[in-house]
Each structure stands twice: as C-alpha cells, then as structure tokens.
Amino acid sequence: MNVCSDMACHVNGADALRDGLAERFRGMSASDVAVGKVSCLGQCDGAPAVSINDHVYRGVTSAQAEALVLTALGGRPLPEMPVDAPMVGLSPDPYGAGERYGAVRKLAAAKDFEGVIAQLKAAGLPGMGGAGFPTGMKWEAVRKAPGDVKYVVCNADESEPGTIKDRFIMHNLPFLVIEGMIVAGLVTGARQGIFYIRHEYGAQERIIEDEIHRCYEAGLLGENILGSGLSFDLEVFVSPGGYICGEETALIEAIEGKRAEPRNKPPFPVYDGLWNKPTALNNVETFANVPQILVNGIDWFKAQGVAGLAGLKFVGVSGDVVNPGIFVIPMGTPARDVILGLAGGIRDGKAFKAFAPSGPSSGYLPASLVDTRLDFKSMAAIGSMLGSGAIVVFSEERCMLDMALNALEFFRNESCGKCVPCRVGSQKLVDIVTGWTRGRGTVADMGLVDELSSAMKLASICGLGQFAHSPLTSVLTHFRAEVEEHILRHRCPAGVCPL
C-alpha cells in the first residue's frame, strides 16, 4: 500500500499514518505488505488518501487502512470508494432537465464551423488547464492546418497536488465535456478524439465510458452524426501514470506508445501533434465551457464573471480549511470569498498563514494577499498564477520551509529526467532545503538557489522544470524571516522541522 505524501495529505497527517502502518506491518514480508509513499492521488479534498492494490481511498484513518490491508491479505475483494458528491452552488449546466447535446445538434444541422470559432473568440474562452491560451485561436489553427487527418485530445490527467476540479467535472458534468470534444472534432475537421485520463480515476473513467456509449447509441458519435454526413469517433486512453503526462506533448508521446517525455517546442501540437498531425488538445474544464457558450450565448458567458471578467471557474480547496471541496465561482472572485467563505475558513480556530492558488507550481502566498482576485491577470500581477485553480490553504501551525521541501520533493520525484536543468536542479534544490530543515547549510546557499532557479526557468524543456523552483522562491520572497530562523538560528518557528 502507498500513502499520498503531497501537500494536502502532508498537512492532514499522512506522515504519521504511513509511519504507523509501517510499524503495524513491520513483521510481515515485503512481498505481502509494503508501505510506501506515492505522489498525489487526486483526492486532496479528502486527505489523507491511500492506494491499496490500485484501489484509491480517501479520508482514511489508521484503523480503516489496516482493515483494508487485512481484507486484501485475506483474498477478499476490496470495496470501491464512493464517488464524488453531487454538485452544489452555481451550476454551469445549460440544459437543466431538458434535452442535452443541443450545441452538437445545432452544429450538425447548420455546419457553421467558422461561426463557432468566432463565438469562442468573442467570449474570450481561455484554456483552463493553466496556460490560458485562447481556445478559439487554437481550434482555428487546427482547422486551417493542411491535411485531412487531425485529432482532438482531452487532457484529464490532472496530477499536480491540490488539483481536483476535473475529477469533479467528469463525475457531475460528463456530457458537457464529451459535447465539447464532439464540437471540437466537427469544427476542426478531426475524425478521431482521445479522452486521456489518469489511471487513479477509475470511477470517472467508467462514467466517461458510459457517456460515450450513450452518445454512440444516440447517433451523436460515429459515422454520419445525426444524419449530417459528419463523423467523429471517441475513445478513452488511460494514462500510464506520472505527473509529466499532464504536459501536453508528453501526453501525446504516451498515446503513441512512447516514454512520456515532453517534446521540444516549436512545433506546437496544433501543427504537429498526435502522430505528427494537427491536434486540438484542451483540458476537461475547457471542453465543458464550450457548450455553455454555444447554448447560453456570449453575453451570458461574459456576465458570469465579476470585475469585468467572463465565465465561471471551478476551484478545488484543500488543506487547513473547515470545508474542503470543489466550488463553482464567478471568474475574478477574491480568494478571500472562497477560502474564508465557501470553504469555511481555517479549521480549529487557527490563524490563516498562507495559501497556494494553484498547487505547488504557483508558489506560496501570505494570507495578506487573500484579497487578490482569482483570475489569470490578477494572479500574474502578484507573481503567481491562477493555473488550474488548485487552492491549498495553510494555518499558523505550518512551516512554510517544510511545505517548500514537500513540493520540491514532488517535482524531483516526478521529473522525467530528459533535460539536465530539471533533473539535476530539482535534486540540488531538495538537497539544499533538506539541509536547511536539519540544521545544515548557510545563507550563502541562497545565492546558489537563485542561480539554479534561473537556470531551470530558462533552460528546462517543459513547465515542470520551469516552475519547480516556485515553491522555494516564493517562500524566500514572502516568508524569508522564517527561512532565516532555520539557517541562522537552527530553529523552526512552527516546531515542525527536525532541527
């Protein structure tokens, strides 16, 4: 069995859970029970999470984990984890109780492909996977690219700690995601779609498979969709595993049966993607937004945001909050309204210390910046990013240098190793910060951190290496006094590090 060791699980007792289970089964052969660490399992709102024989469980106690292990040892089938709770709050479903797939039905009849692109451009729909590249421009590039063979790919491989929104969307709104992919296929001229999903999402995989089957039965997929003469097929591809698979070109390599490593860019996937053909690759939330715009209209979409921003945003909140979960908010909502409002504030009456607006790659921000709006520009203006909306919250009990080390270890473990700056740089950063948390190292190390961070940012092939330094550099920016306490006085103010 493996216990998740990243961010939300780390602050929710994962280390103690793992150590306790290792002690409980110490006398058993490693071939029977081996207790180890695993990277984020996508259950941050139900931390701590464990994986037992590839079955994922959330919110488990030591006694529950022990019982599950004993069940497996006894040869009995392991129970399935309950699926996500139903959606509450704002609803992005444009159909309600009415007939679904209205956008596909209209497009199949009218064949106004350029009109769809124009609507997406006018709505200003950004890619919701983190980069924010305009969806309309991406689809237009694929449509105009030469050649008859093109592809549509959905990236459902959210693997960064804190990122859980796509899992929730797949459970509650699978029809919107599938409809967005069908629309993309018809608009771009692609005849084949791939739904790429992380292997830990077994329940969501079954939901998507069932939805695809229903679409084939209804004539919404396959040859001659709704009698239009248009065709589009869709299949599910289960990721071989690894955070790097969330990088779009590494994902493409995995589908092609190769080692999941990022490609050098350019060329970009819109021109040279899957099987070297033009490919429209977006994430789950982006595809789910397309039917909302096409059914409800551009004015409706723009009216959903606040402060002049457009659309709704799914955010996942985990860590030291009363009510961790996934929330649908107007784009541009202040982080305060989410963390201290929807998520119920800091649990156990503790003071609010810090938050990561989008997992470790966004870095850590002090509570004093909680009034920053959750949108791409506002977050970029304070040196962070909205990313995938993976908000992880920390109370006064947390050591931010310890949290930086936890994130650095994640990136080090998940580096594919293809490029030297990421492979060597991530390990060196872990070595430096490990020393700081254990009474070793000097202030002079900070100069080396600056050099390593700059080299990784400029020379790494993909976003993993380019942002792997962010947890540490953000802590040095916003919590420098806390770091200096470790280095100069060999003291952890939070009493967390083993100095």
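Rule-based calculations on the coordinates, nothing more; no lab input. Note that the coordinates shown come from a computational prediction; the quantities given were computed from them, not determined experimentally. All Cβ positions, glycine included, derive from the backbone under ideal geometry; neighbour counts span all protein chains shown.
Farthest toward the positive end of the dipole of the chain, out of MET137, ILE197, LEU230, is the Cα of MET137, where the dipole comes from beta carbon charges about the Cα centre. Rg/Rh for region 406-489 (Cα atoms only, Rh after Kirkwood) is 0.96.
Between VAL153 and ILE194, ALA280, LEU281, ASN282, the built amide H atoms are under 5 Å apart, and every one of these is 5 or more places off in sequence or on another chain. The alpha-carbon of LYS258 sits under 24 angstrom from the alpha-carbons of these lysines, leaving out residues fewer than 8 places away in its chain: LYS150, LYS277, LYS418.
From least to most packed, judged by other beta carbons within 10 angstrom and beginning with the fewest, ASP84, ASP15 follow the order ASP15, ASP84. According to the calculation over all Cα-Cα pairs in the chain, the P(r) per 10 Å bin from zero is 4, 19, 29, 27, 15, 5, 1, 0 %.
Around the Cα centre of the chain, unit charges on the Cβ atoms of Lys, Arg, Asp and Glu (plus for the first two, minus for the last two) sum to a dipole of about 720 debye. Antiparallel beta bridges, as assigned by DSSP with both residues in the chain, represent about 45 percent of the total such bridges. If you take every residue apart from LYS106 with its C-beta less than 15 Å away from the C-beta of LYS106, what net charge results, scoring Lys and Arg +1 and Asp and Glu -1? Within the 15 Å Cβ shell, the charges total -1. Applying the Karplus relation 6.51 cos²θ - 1.76 cosθ + 1.60 with θ = phi - 60° to region 52-64 yields 3J(HN,Hα) values of 10, 6, 6, 9, 9, 10, 10, x, 8, 8, 4, 5, 5 Hz, where x marks Gly and Pro. Enter the Cα centre distance for the pair region 201-217 and region 1-59, rounded to the nearest angstrom. Centre-to-centre (Cα) distance: 29 Å. Rounded to the nearest 10 degrees, the angle from helix 480-489 to the longest Cα principal axis of the chain is 30 degrees. Taking θ as phi - 60° and the Karplus parameters 6.51, -1.76 and 1.60, the scalar couplings of region 240-251 work out to x, x, x, 4, 4, 5, x, 6, 4, 7, 5, 4 Hz in sequence order, x denoting glycine and proline. Per-residue packing, averaged as other Cβ atoms within 10 Å, sorts the ranges 109-119, 152-162, 264-274 into the order 152-162, 264-274, 109-119, beginning with the highest.
Rounded, prolate or oblate for region 349-499? Axes are the square roots of the Cα gyration tensor eigenvalues, ordered a ≥ b ≥ c, and the cut-off for rounded is a/c under 1.5. Judged from the Cα gyration tensor, region 349-499 comes out oblate (a/c at least 1.5, b/c at or above a/b). So which lysines pass the test for LYS165, namely a Cα distance under 20 Å, with those fewer than 8 places away in the same chain ruled out? Within reach: LYS313. Under 5 Å from the amide H of LEU312 lie the amide H atoms of MET331, each residue being 5 or more positions distant or on a separate chain, with H modelled from the backbone and absent for Pro and chain starts. Listed values for region 216-230 are Karplus-derived 3J(HN,Hα) couplings in whole Hz (6.51 cos²θ - 1.76 cosθ + 1.60, θ = phi - 60°), namely 5, 5, 8, x, 8, 9, x, 6, 6, 4, 6, x, 8, x, 9, and x replaces Gly and Pro. Under a 5 Å amide H cut-off, with hydrogens placed 1.01 Å from N, ARG491 pairs with HIS486 among residues at least 5 apart or on other chains. Using a 4.7 Å Cβ-Cβ cutoff, the cysteines of the chain lacking any partner cysteine are CYS40, CYS44, CYS154, CYS215, CYS245, CYS399, CYS416, CYS419, CYS422, CYS462. Listed by Cβ neighbour count within 10 Å, with the fewest neighbours leading, TRP139, TRP300, TRP275 appear as TRP275, TRP300, TRP139.
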